[in-house]
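Below: one structure in structure tokens.
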Amino acid sequence: MEFEQKFAKMLNANYAISVSNCTTALHLAYEVLDIGPGDEVICPSMSFVATVNAIRYVNAVPVFCDVKGIDDLNLDPEKIERLVTEKTKAIVVMHFAGFPCDMDSIMTIAHKYKLRVVEDACHGPLSEYKGRKLGTIGDIGCFSFFSNKNISTGEGGMMVTNDKELEKQIRLKRSHGMTTMSFQRASGHSTEYDVVALGYNYRMDDLRASLGIVQLDKLQDDLERRRNVRSWYENKLQKLSEKVVVPFQNNREFVSNYVFPIVLKDSNKQYRDDVRNKMHALGVQTSVHYPAIHRFSIYHEFAKNRNMQWTEYIADNEITLPMYANLTESNIDFIVECLQESL
């Protein structure tokens, strides 16, 4: 409870409910928003697969939407609206690297067509959009505390909402649909319980919550230092601007800088992979965020006749450079020099 209260206060949200991981958070979000068989959910393909897997957990239909372009790796609101049908029930956004989607436009579309909005904010604890924290703008926000996230409890997640009824449903379903929790019964506040809904064992344990409480105290400082790292990168990568795009350069919001993506210009997958291999040989580890979900075998049937031009180009030509708070300016000099040589 302390971890939940502290997290809600940091985000200026009414309610925060801890869960076992972000995938369970997404599953519960779709369930409590009454999304079910045959309902369509407009979603990104430029994300980790859990964003879409959870749509299938409730037997809903993922409708893949393209991103804005190599300068902005988030969903394009104009393309979202073109995908709305009478079966559309919700939109799920993923704030890439902690940079906010165009939430004004997305919420306008949601209100126009009476759609629910789920924010996959796993990249963005404390990231902001026009003064509001990511995860607090839609109906439900979902956060991850996996080992590689800005806040880590090894495994874990959090759901955020300002809706009291949704909060009650989430708390009920995350613990077997039981009317009282084990702690309440052990404390002598309740000796009996009823099961009033089909629920799950999606609770976070106390040990991970304790880790989370400590991690929250370190978060602001970590994000401030990451902001400096990004600034160094942006300045030093200007000399490679003919070959490399740094997405989100026009963003002026405070963001988490979960990862640092670049996109190669006039490139292809083989060239991108060759660049990564050369950088690795020079001593710089890189990654890719992400393989496009709609290209996975299990999702081919949902991507037929779907124009995903930018998503596919980015998936083939994105490189994620090292990003963590303890990087020094000399580290960034070395990384950029290795990138230049590899290009």
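Please treat every number below as a calculation from the coordinates, not as lab data. Owing to the predicted nature of the structure, the values given are computational and were not obtained by experimental measurement. As a convention, Cβ positions derive from the backbone with ideal geometry for all residues, glycine included, and neighbour counts pool all protein chains shown.
For segment 220-342, what is the convex hull (Cα atoms) projected area averaged across all directions, in square nanometres? The partial results should precede the final answer.
Numbers: hull surface 35.4 nm².
Average of the hull's projected areas for segment 220-342 equals 8.9 nm².
According to a simple spin-label model (label point 7 Å from Cα along Cα-to-Cβ), what is the distance in nm between E301 and V214?
Between V214 and E301, the simple spin-label model gives 4.7 nm.
Which of M159, V118, P77 sits closest to the plus end of the dipole of segment 2-215, meaning its Cα is farthest towards the positive end, when Lys and Arg get +1 and Asp and Glu get -1 on the C-beta?
So the residue furthest toward the plus end is M159.
Would you work out the Kirkwood radius for segment 1-124? I mean one over the mean of 1/r across all pairs of different Cα atoms, in Å. Don't skip to the answer; put the middle values down first.
Values: mean 1/r = 0.0670 Å⁻¹.
The Cα-based Kirkwood calculation yields 14.9 Å.
For the chain, give the share of DSSP beta bridges that are antiparallel, in percent and rounded to the nearest 5; count only bridges with both residues there. Walk me through the numbers before you get to the answer.
Numbers: 22 of 38 bridges.
Expressed as a percentage, antiparallel bridges in the chain total about 60.
Then there is this: Could you calculate the contour length gain from E253 to H280, that is, 0.36 nm times the residue separation minus the distance between their Cα atoms, to one decimal place in nm? Can you show the working numbers first?
Details: separation 27, 0.36 × 27 = 9.72 nm, distance 3.21 nm.
Gain on extension, E253 to H280, equals 6.5 nm.
Pick from V58, V67, V160 the residue whose mean-square fluctuation is largest in a GNM of the chain, springs joining Cα atoms under 10 Å.
V58
Shifting gears a bit: For the chain, find the longest principal axis of its Cα atoms and tell me its angle to the long axis of helix 164-173, 0 to 90°, nearest 10.
90 degrees
If I fit a long axis through the Cα atoms of helix 269-282 and take the longest principal axis of the Cα atoms of the chain, what angle between them do I get, 0 to 90°, rounded to 10?
80 degrees
Less than 11 Å Cβ to Cβ from R82, Lys/Arg counted +1 and Asp/Glu -1: what total charge do the surrounding residues give?
That works out to -3.
Students often forget the sequence filter, so: which aspartates and glutamates lie under 16 Å Cα-Cα from K236 once same-chain residues fewer than 8 apart are removed?
Correct list for K236: E329, D333, E337, E341.
Assuming a viscosity of 1.306 mPa s and a temperature of 10 °C, what translational diffusion coefficient in µm² per second does Stokes-Einstein assign to segment 1-54, Rh being the Kirkwood radius over Cα pairs?
123 µm²/s
Continuing with the same structure: Choose one answer from D72, D316, D333: the residue with the largest mean-square fluctuation in a GNM of the chain with alpha-carbon springs under 10 Å.
In the Gaussian network model the winner is D333.
Still on this structure, please answer the following. In sequence order, what are the phi-derived ³J(HN,Hα) couplings for segment 295-300 according to the Karplus relation 6.51 cos²θ - 1.76 cosθ + 1.60 with θ = phi - 60°, rounded to whole Hz, with x for glycine and proline?
8, 5, 3, 5, 10, 4
Could you give the length gained on full extension between D273 and E192, defined as 0.36 nm per residue of separation minus the Cα-Cα distance, in nm? Write down the numbers at each step before the final one.
Details: separation 81, 0.36 × 81 = 29.16 nm, distance 5.90 nm.
Gain on extension, D273 to E192, equals 23.3 nm.
In this model, which of K89/K218; K9/K87; K79/K149; K112/K243; K218/K278 are farther than 31 Å apart at the alpha-carbon? Provide the component values of the computation, followed by the final result.
On the way: K89/K218 38 Å; K9/K87 36 Å; K79/K149 29 Å; K112/K243 41 Å; K218/K278 35 Å.
The pairs that break the limit, which is 31 Å between Cα atoms, are K89/K218; K9/K87; K112/K243; K218/K278.
Using only the alpha-carbon atoms, how far is helix 329-342 inclined from the longest principal axis of the chain? Give it as 0 to 90 degrees, nearest 10.
60 degrees
For S287 and E78, what does the FRET efficiency come to when R0 = 30 Å and r is the distance between their Cβ atoms, rounded to the nearest 0.05?
Details: r = 30 Å, r/R0 = 0.99.
Efficiency for this residue pair is about 0.50.
Quickly work out the Y57-to-D206 label distance, labels modelled 7 Å from Cα along the C-beta direction, and quote it in nm with one decimal.
Rounded to a tenth, the inter-label distance reads 2.6 nm.
Of Y233, Y193, Y271, which has the largest mean-square fluctuation in a 10 Å C-alpha GNM of the chain?
Maximum fluctuation in the GNM of the chain, among the listed residues, is at Y193.
What FRET efficiency comes out for K114 versus S231 if R0 is 30 angstrom and r is the Cβ-Cβ distance? Round to the nearest 0.05. Present the calculation step by step, with values, prior to reporting the outcome.
Details: r = 42 Å, r/R0 = 1.39.
FRET efficiency, K114 to S231: 0.10.
Right, something else. Which of the lysines could a cross-linker bridge to K173, judged by Cα under 19 Å and excluding same-chain residues fewer than eight apart?
Within the straight-line limit of under 19 Å, K173 reaches these lysines: K164.
Given Cβ point charges of +1 (Lys, Arg) and -1 (Asp, Glu) and nothing else, what value in debye, to the nearest 20, does the dipole of the chain about its Cα centre take? Mind showing how you got there, number by number?
Values: 40 positive and 45 negative charges, 33 e Å.
Computed charge dipole of the chain: roughly 160 debye.
Please report, for the Cα atoms of the chain, the Rg to one decimal and the Dmax as a whole number; what are they, in angstrom?
20.6, 69
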